[in-house]
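Data first, discussion second: the structure below is written as structure tokens.
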Amino acid sequence: MIAIPLLTGTLLLALGCGAEPGATTAGPAGTGSATAGNPSQPVSHTVAPRTEPTGGVPKPTRPQGHTDKPRKVRWLSAKPSKDGRSLRVTWWSGVEPCHVLDRVTVRETAKQVTVTLWEGTSSKVKNPICIAIAVQKVTTVKLKAPLGGRKVVDGAR
């Protein structure tokens, strides 16, 4: 069942790596690269800019719970809402099911709010295989009291 999509993907990858007429090719060892039409001319290489899978916008994420081996994850920012009753927490993560938000713990005192993100592997998928790509994620955390002048601290640091 998995073999057909895997073989199809491999075939498409191999076909995409082939050279087109007039494309650049590698020259003999130690001589650099050259165009297919004129082997003595140096060539340039252009790489298309990488686009984020989420279109450059953090992926909204909710805690799923019940992950395997949850661990603390550092976050990038925690921006308060206009009324100060919630925080919009942004962090870098990986793709699901290998990187799933398990829970968010919040500890509030008079002087600070400590927010800790916990991620783990989905317990719903056995032996998951995930690509190694960074994805920016965001979640909203509700506070018991408005933030006011309290400091927000990352519980994973």
Karplus 3J(HN,Hα) series, Hz, for segment 80-96 with 6.51 cos²θ - 1.76 cosθ + 1.60 (x for Gly, Pro): x, 6, 4, 8, x, 8, 8, 10, 9, 9, 10, 8, 8, 8, x, 7, 7
Carbon/sulfur fraction of accessible area - segment 75-157, other protein chains in place, 1.4 Å, %: 54
Size of segment 50-157 as Cα extents on the principal axes (Å, biggest first): 44, 31, 21
Per residue, in Å², the accessible surface of segment 58-134 once ligands and nucleic acids are set aside, probe 1.4 Å: 65
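The values are calculated or read from the model by the stated rules, or taken from the named source; none is laboratory data. This is a predicted model, so every value here is computed, not measured. For accessibility, only protein heavy atoms count, side chains too; no ligands or nucleic acids. Shrake-Rupley method; radii C 1.70, N 1.55, O 1.52, S 1.80 Å.
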